[in-house]
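Single-structure report; data block below.
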Amino acid sequence: MLTDLEVQNYRSLQHVVVPKLGRVNLIVGKNNSGKSTVLESLRVLAKNGNPALLDELIIEHDEYFSSQTEGGAALMDEDQGLFALRNLFHGRNLPDAGTGSIYIGTTDKSEYVRVDHRLFTYETVEVKDEQGETMVIRRRKIHENGGGLFPEPLLQHALVVSSSRTERTQLIDLSSREEFRRRPATYDAERDTAISYVPTQFITPDRLAQLWDTIALTDAEATVTKALMVIEPAVQGLAFVRRASTRSQYQYRVRRTTSERSPIIKLSGVRTPLPLNSMGDGMSRVLQIVMSAFASRNGYFLIDEFENGLHYSIQQQVWELIFRLAEELNSQVFATTHSWDCIKAFRDAAKASSESGVLFRLGRSVKKDDHHRLIATIFDEEALWKITQADIEVR
């Protein structure tokens, strides 16, 4: 479990240090203050900077684009090269080679991911094979301090990803998308930390079905049912069934994607099962949260905008469930919110739990010498209780 967190030069987070973390952590702040970016940085840390994840994050933000236009409109172009990865760096520009590295990890450097911009050239060397035959191979030579005296046309740009958990570094050649897409196939995922992420939008039914399959016929089923009873006390059971038709005209027109399996629930007093989606957004949100929690065992559980779809009157019960699952699963929770009701519910659940709860606020520094950079302000359970009792704004 992380006891603190330091993030440098990752997107909007120029240098943020969170000196104290708990088992369950709630992040607050204004729009564009970096709350979701903290969650994203934890995804990078858990996956040890996996190039495939970096590519996925760029795609999620629609950051592959071309400067060329057609009819006055910018064109999306994923094959224009990999320089869109510059968006991962603070200021959205690749820093000079050897400077401005992305760092995500603990303050003591015991656990971290680092992404560096480097220049390299190709060189040819002679090596001997197992039979003693000499052969010539072409390999990259990384230049730690820039390109030196090499002419510009010979220099190539790359990102070098290193991690405290892996001995091998990953090199992302920014001039070759084909190679970039091939390299993740050799990535060693065994050293990754388990992570489960609940985004602001709803998870697809197929993904929920996959999560259900991992807990089916275990004690976790009862936990899911009890969680749904927070919304509807008449819930008796849950199942996922295959759709009769995956080519629904309604789905094509509205959702534009189809799902093979859908959740249904059994209510006491109702003879036939009902589609869970017919029970409202709150039911779907609770289901996503509780089932995603089980996928975070011994790792991180991330929830973006916790309060989405949840009425304020049930948020404390959901938080109490999260505190309990975090302890049982040995996972560490990070969630974001804009809601004052959510903060109060978090406070009450933290006070009732034996596990530590920490709230931290991201905001711009008022110090001129900090250049208004984002900083984190910590509120542990005792401080949070006093502040919320006095109705002092912490969002």
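Quick check: anything in region 141-148 surrounded by 12 or more Cβ atoms within 10 Å (Cβ to Cβ) and either modelled with pLDDT of 85 or more or not in a strand (DSSP E or B) (or both)?
Checked region 141-148: at least one residue is surrounded by 12 or more Cβ atoms within 10 Å (Cβ to Cβ) and either modelled with pLDDT of 85 or more or not in a strand (DSSP E or B) (or both).
Checking residue 366 against (1) at pLDDT 95 or above; (2) surrounded by fewer than 17 Cβ atoms within 10 Å (Cβ to Cβ); (3) farther than 27 Å from residue 192 by Cα: exactly one of these is not met. Which one?
Every listed condition holds for residue 366 apart from (1).
Being buried (at least 17 other Cβ atoms within 10 Å of the Cβ), at pLDDT below 90 and more than 23 Å from residue 166 (Cα to Cα) is the filter here, so list the residues in region 28-57 that pass it.
Across region 28-57, the qualifying residue is only 33.
Consider only pairs whose beta carbons are under 6 Å apart and that are at least six residues apart or on different chains; among these, list those whose first residue lies in region 162-178 and is more than 13 Å from residue 120 (Cα to Cα) and modelled with pLDDT of 80 or more and whose second residue is assigned to a strand (DSSP E or B) and of a type in the set (Phe, Trp, Tyr).
Note: pairs meeting the criteria are 164/112.
Working carefully through the options 302, 329, 276, find the one that is at pLDDT below 95, aliphatic (A, V, I, L, M) and surrounded by 18 or more Cβ atoms within 10 Å (Cβ to Cβ).
276
In region 305-316, what count of residues is obtained for those that are over 15 Å from the mean Cα position of the chain (by Cα) and either surrounded by fewer than 17 Cβ atoms within 10 Å (Cβ to Cβ) or closer than 17 Å to residue 199 by Cα (or both)?
So the count comes out to 8.
Going through region 297-356 one residue at a time, which ones are of a type in the set (S, T, N, Q), closer than 16 Å to residue 27 by Cβ and touching a residue at least 60 places away in the same chain (Cβ under 8 Å)?
308, 332, 336, 337, 356
What pairs come out if I take residues in region 85-96 that are closer than 12 Å to residue 117 by Cβ and among the charged types (D, E, K, R) and pair them with residues that are in a loop (DSSP other than H, G, I, E, B) and modelled with pLDDT under 90 whose C-beta lies under 7 Å away, six or more apart or interchain?
Qualifying pairs under 7 Å: 86/93; 86/94.
The values are calculated or read from the model by the stated rules, or taken from the named source; none is laboratory data. Quantities reported herein were computed from a predicted structural model and do not represent experimental measurements. FYI the Cβ positions are ideal-geometry reconstructions off the backbone, even for glycines, and counts take in every protein chain you see.
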